[in-house]
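Below: the structure, in structure tokens.
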Amino acid sequence: MLSAADNELLTRTGPGTPMGDYFRRYWLPVALSREVAAPDGPPLRVTVMQERLLLFRDTRGRVGLVEGRCPHRGADLFFGRNEDCGLRCVYHGWKFDVDGKCLETPNVPAKTAEHMNVSIKAYPVQEFGDMVWAYLGPDGPPAGVPELEVGLVPPAHRYVTKKLQQCNWAQSFEGALDTAHFSFLHMPAPSVKSNVNPLAQADEKRLAWMRNDPQPRFHFFDHEAGFMIGASRKADGNDLYWRSTQYMLPSHSTTPSTLPGETYFGYSWVPITDHECWIYTYGWNPVRPLTDEEVAKFKAGWGQMPEIGPDFVPLRNRGNDYLIDREDQKYRTFTGVRGVTEQDAMISESQGLIYDRTRETLTATDAGVVRFRRIILGEAKALQQGHEPAAPQHPQAYTRRSGGYMAPGDVPFEEAMRQRFGDAGGRATPEAQATAAAPMPAAPGRA
Amino acid sequence: MLSAADNELLTRTGPGTPMGDYFRRYWLPVALSREVAAPDGPPLRVTVMQERLLLFRDTRGRVGLVEGRCPHRGADLFFGRNEDCGLRCVYHGWKFDVDGKCLETPNVPAKTAEHMNVSIKAYPVQEFGDMVWAYLGPDGPPAGVPELEVGLVPPAHRYVTKKLQQCNWAQSFEGALDTAHFSFLHMPAPSVKSNVNPLAQADEKRLAWMRNDPQPRFHFFDHEAGFMIGASRKADGNDLYWRSTQYMLPSHSTTPSTLPGETYFGYSWVPITDHECWIYTYGWNPVRPLTDEEVAKFKAGWGQMPEIGPDFVPLRNRGNDYLIDREDQKYRTFTGVRGVTEQDAMISESQGLIYDRTRETLTATDAGVVRFRRIILGEAKALQQGHEPAAPQHPQAYTRRSGGYMAPGDVPFEEAMRQRFGDAGGRATPEAQATAAAPMPAAPGRA
Amino acid sequence: MLSAADNELLTRTGPGTPMGDYFRRYWLPVALSREVAAPDGPPLRVTVMQERLLLFRDTRGRVGLVEGRCPHRGADLFFGRNEDCGLRCVYHGWKFDVDGKCLETPNVPAKTAEHMNVSIKAYPVQEFGDMVWAYLGPDGPPAGVPELEVGLVPPAHRYVTKKLQQCNWAQSFEGALDTAHFSFLHMPAPSVKSNVNPLAQADEKRLAWMRNDPQPRFHFFDHEAGFMIGASRKADGNDLYWRSTQYMLPSHSTTPSTLPGETYFGYSWVPITDHECWIYTYGWNPVRPLTDEEVAKFKAGWGQMPEIGPDFVPLRNRGNDYLIDREDQKYRTFTGVRGVTEQDAMISESQGLIYDRTRETLTATDAGVVRFRRIILGEAKALQQGHEPAAPQHPQAYTRRSGGYMAPGDVPFEEAMRQRFGDAGGRATPEAQATAAAPMPAAPGRA
């Protein structure tokens, strides 16, 4: 539960808001690289934290993120000509490069033009992990984009996409840190005796453990980029089934199901407005290329990859009540909604365009949510006092994994993580990988 | 004509408004029973006077009207599981019964749960006349739902539906009290010599009387539930053609055409927002089941029953200008719009989303409208001074009829009504029925 | 560049705004005559500078522009009966003539009606040039509608239509005074070596001159109705290619391409709201009827006549990004948008719903725009000080033409215009025509 003031602070990211200022200290994804694939291709409209911008790739392959308004007479450069290393306004031919510099003003005599001092706002841009990242803040960008492992593996080892979420970023993000809800939201209907959920993806055994222990115990490990969450559930005998998740400032996370040897998944939230956000969503395998089957699955919708249209809007969305099927809900699945990420979206969006945190009743399994809020609110408030955040200075600290693990009941959290990842905080360094758990034999029926 | 302040008072019914407070002293229909027919069926979204609620029928057939937001993390219970005598949130399994009581919180240890004190707001609900009624006010509900005769007859004697009106409740309601407009709105085009209106339903004789006397004289009879209006027009010879209408607080009415022995009709207005309302609309016959022909007619659109889609939105509506046919208007009907209730809706909705009563010019035939406003504004203002309304304490006072009657010109209003209904105020008690007018022979061409 | 206050002043025309007051001193087109062609036909909804009105043609052919709300109970007269020299409300039969006078109140006894004093607001209306003009101001209308030449020629000599522009009137109008943009916006793609633009209409030679001289010199000639703009570009040898345009208060203009003997074009802007306007668009030939080919071309979309649907909304519009074709833009045309007026609309609408003139960088070729703003802002401010505008008193001053002309480089602006039009200000009087330039031989490939 937050005060109304803290709820405002957490959720508003427009220019000049405290959280907007805070987000603007970080490199953030603003598009998929493939959305602006072709040099001299059409510019792409991009709205980031309420700033309406244009993204374009120039003749030499450089990407520019600029204010899309010609300073001459205000025409929208979206309709401009992307040609010869610049974006040209079609009204009177003014032309700007990826840095916002004005290259030509052909309706103005050369002598006059020399004394004009026009340019358009442009933000630093980098490409990493098949995403275009931008820095929208003051004073030049931090050292480098956060080194998420998805961007470090060879391109064939990853699949990167995005999906629209029709609600405020923070409540959608909180769902990622709440691993307790898997015991409900993604389960089969209670009447289903089998633990196989035909609409979700997990093997029968893990589903049984989650179903049977809806009160996981939460543990935390703080690190330079944020913290790692471990939630343990009773498994067979005295064993514990651990599911871990990363929180990396300001809005990156990784998913909890991956067993040793399986493909990892993560996501990064970027506000569009305060009522909509993009979730950049990716899978990567550190040790091998993704298989054609995997890629086909991800494209068709699987796990955190929704079934989407060409506009990256999930086909099952707020506007159609996620095509909820009440018969399915009664007899087959807990929700009647097809798809894990669609189930997550249903919950997050159902909390309202901006979730009112003054009226909630938090419980022990909301520990991840509580810690996330405390940290990011603290950081944003500190920035208002002049204290710059440290995490943007440590891009390497973002190379982390999370996932599932089985351990005897007396192995504590940090030790379990050390066994699983070779590092208590899930770092994916070469040293860590040398001591990490070996791949597990594939469970029957798992892709 | 009202002051701007009184117009606001009359039309605003959201929580905390004076008229909203006043309406909340009454049981009001909030759904048709058949919209939540099946036990454990899907919950129904219901908005009543700007309160967004959920209606559901539990395993044992009880109906609950609750705030649809889980108090744990704010998820929308619309997506919940209606099972085993409660509505369960799919996020973490919290479950609530029809009274809003929290039955289970499975992600919380039992010991902790004992000390939690969570519930959701729930309103008292009753079913009557194939409608679900709710009491949204303070201090426990009044004795019983208003005993409209439609709810007292056997189910086979009635047909109950609803229709959306895309304007404020009050102006739509006022149309029901203005029986003068039948001389125009529902008439054939002036060029039509016959008095048969192919698009309305009344026999030729009555149409002629209404057409030829557009200045009916209004009379009133006050009673415990409101008042009865009688409007007389010159008929053949020295006779008067009486049409009577009930006003019952706060927003019920009955229609003026029914002759002795015919089926009665009535309607109840319930605000959704200040810009939309439901009109619960019903026909009932006190002495016999409705015929298959009658029911088929009502379903297809007839009189006060519009032609509607599965969402209860009239097919001819504001969005399509009621499919007005200007050729029809020129040569066949007064409006060019098909259907009596569609013609009424066209006028009410054309007055604006909220009709501005500061700019009107009232006439003698608006007497019913004027009396309605005076009474309900007086009652709402009195409530603000602490005077509770009396009508909710007299549910039996709502068992009333209205309709048409022929009487010699020297029979005064109350006596005419006494002859017609056995009671000057249209009460439908057994005693009254014993002395009421006998059924009239069916007019040719009447259903 | 304007101050924020002047930008507001320029763009807001609702009732009570300074520019709204100023526009209301002029006769303005409010519909095409053919939109209310038939006597006793359906009334037409018309919104002019935020006033929602009804236009109808009565039995005798007179046109009325009235407030469309019945003063009795506020019903919308749009649904009324247009019959027998008046518009009759279908609720209770009140009837009003084209002057707003109430003719009948049939639900009111004759004696009472004598003492009622009801009417609806009605504005003076005239038809001229196949358009319905209205005067929405105070104190009776000025002498006559502005005598645009399109209205003085025989009907067969003209084609008149209108098109919706989805932005504020002023920025759209400014585009008409900025003849410099033809060197860019309407050109072939730079890669096209030929100067024939398959999507625009001008002969190859003129296109080359415009393409090769993107810095035309602007000249002005002030007259009683506003001013004439001449912009000269270098042509072959020492010649100048002149393009001239009229600005006539408050919002009329004529186009710059017409060579002697060709058909003239002009347009008149009328605000609907501050975010939308109509552009009444017309072509006329003073000396001969338009050919069937010309009319067919104008109906299908050509030059300033867009391809439109039955609602006068351009088919290529803001909602579909003008069907921009990026391949076309790369290889064939400067914009990838088909149609001259569609290209203009794209730019104007891309400036925003209301263009923010506080953030622009004006250049020498924006001289027409600057002069327009200075004059109309000055006039509107003067009116607020009590100085009535003079132009409405001189309807004959509006009979003007503009167009293209070739002249040796040492012929000054006024002399070039005198040669071209027989009058330095483009007046189309008989005297002027006697000395105007003779028709030029049709350029190959011109319609």
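Whether a residue is crowded, with 21+ Cβ neighbours inside 10 Å, farther than 30 Å from C:Ile120 by Cα and of a type outside the set (A, V, I, L, M, F, W, C) was assessed, and B:Arg400 passes this test. Per the listing B:Glu415, B:Glu342, the residue uniquely surrounded by fewer than 18 Cβ atoms within 10 Å (Cβ to Cβ) and either part of a loop (DSSP other than H, G, I, E, B) or without any contact (Cβ under 8 Å) to a residue 60 or more places away in the chain (or both) is B:Glu415.
Matching residues to (1) within 14 Å of chain B (Cβ to nearest Cβ); (2) within 21 Å of the chain's Cα centre (by Cα); (3) more than 30 Å from A:Gly352 (Cβ to Cβ):
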{"position": "A:Gln126", "(1), (2), (3)": "no, yes, yes"}
{"position": "A:Leu136", "(1), (2), (3)": "no, yes, no"}
{"position": "A:Tyr159", "(1), (2), (3)": "no, yes, yes"}
{"position": "A:Trp169", "(1), (2), (3)": "no, yes, no"}
{"position": "A:Gly175", "(1), (2), (3)": "yes, yes, no"}
{"position": "A:Ala180", "(1), (2), (3)": "yes, yes, no"}
{"position": "A:Ala189", "(1), (2), (3)": "yes, no, no"}
{"position": "A:Phe220", "(1), (2), (3)": "no, yes, no"}
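Residue count for segment B:398-412 under the criterion of being aromatic (Phe, Trp, Tyr) and outside any strand (DSSP E or B): the result is 1. Tallying residues that are at pLDDT 95 or above and either over 21 Å from the mean Cα position of the chain (by Cα) or open to solvent by 10 Å² or more (accessible area, probe 1.4 Å) (or both) within segment A:1-22 yields 14.
Step by step: first the residues of segment B:348-397, then only those that are in a loop (DSSP other than H, G, I, E, B) and without any contact (Cβ under 8 Å) to a residue 12 or more places away in the chain, then the one that is nearest to the other protein chains (Cβ to nearest Cβ). Which residue is that? My answer is B:Thr363.
So, C:Ala31, is that one surrounded by fewer than 21 Cβ atoms within 10 Å (Cβ to Cβ), in contact (Cβ under 8 Å) with a residue 12 or more places away in the chain and among the hydrophobic types (A, V, I, L, M, F, W, C) or not? In short, no. Take the residues of segment C:373-383 that are surrounded by 13 or more Cβ atoms within 10 Å (Cβ to Cβ) and not aliphatic (A, V, I, L, M): which is nearest to the chain's Cα centre (by Cα)? Looking at residues that are surrounded by 13 or more Cβ atoms within 10 Å (Cβ to Cβ) and not aliphatic (A, V, I, L, M), I get C:Arg373.
In the condition set (1) closer than 21 Å to C:Leu87 by Cβ; (2) open to solvent by 40 Å² or more (accessible area, probe 1.4 Å), B:Thr333 is compliant with all but (2). When segment C:208-218 is limited to residues that are surrounded by fewer than 21 Cβ atoms within 10 Å (Cβ to Cβ) and assigned to a helix (DSSP H, G or I), the one that is farthest from the other protein chains (Cβ to nearest Cβ) turns out to be C:Ala208. Applying the criterion of at least 1 residues that are acidic (Asp, Glu) and open to solvent by 30 Å² or more (accessible area, probe 1.4 Å) to the strands (runs of 3 or more DSSP E) found wholly in segment A:122-187 leaves A:125-128. Filtering segment C:91-104 to residues that are of a type in the set (A, V, I, L, M, F, W, C) and either open to solvent by 20 Å² or more (accessible area, probe 1.4 Å) or in contact with a helix residue (DSSP H, G or I) (Cβ under 6 Å, 6 or more places away or on another chain) (or both) leaves C:Cys102, C:Leu103. The residue of segment C:58-78 that is farthest from B:Ser348 (Cα to Cα), among those that are open to solvent by 10 Å² or more (accessible area, probe 1.4 Å) and without any contact (Cβ under 8 Å) to a residue 24 or more places away in the chain, is C:Gly61.
Only one entry of C:Arg217, C:Arg211 meets the criterion of being at pLDDT below 95, among the basic types (Lys, Arg) and touching a Ser or Thr at 6+ places or on another chain (Cβ under 7 Å), and that entry is C:Arg211.
Name the residue that is nearest to C:Ile354 (Cα to Cα), counting only residues in segment C:1-17 that are in contact (Cβ under 8 Å) with a residue 60 or more places away in the chain and out of contact with any Lys or Arg (no Cβ under 7 Å at 6 or more places or on another chain). Restricting to residues being in contact (Cβ under 8 Å) with a residue 60 or more places away in the chain and out of contact with any Lys or Arg (no Cβ under 7 Å at 6 or more places or on another chain), the top hit is C:Thr11. For segment C:222-237, residues that are touching a strand residue (DSSP E or B) at 6+ places or on another chain (Cβ under 6 Å) and either modelled with pLDDT under 95 or assigned to a loop (DSSP other than H, G, I, E, B) (or both) total 2. With respect to being more than 28 Å from B:Tyr322 (Cα to Cα), touching a Gly at 6+ places or on another chain (Cβ under 9 Å) and open to solvent by 30 Å² or more (accessible area, probe 1.4 Å), C:Arg25 fits the description.
With respect to being without any contact (Cβ under 8 Å) to a residue 12 or more places away in the chain and open to solvent by 10 Å² or more (accessible area, probe 1.4 Å), B:Ala113 fits the description.
The values are calculated or read from the model by the stated rules, or taken from the named source; none is laboratory data. Just so it is clear, the model here is predicted, and its values are computed rather than measured. For neighbour counting, all protein chains shown are included, and Cβ atoms are generated from backbone atoms with ideal geometry for every residue, glycine included. Areas reflect the complete protein model, heavy atoms only, side chains present, ligands, DNA and RNA absent. Shrake-Rupley method; radii C 1.70, N 1.55, O 1.52, S 1.80 Å.
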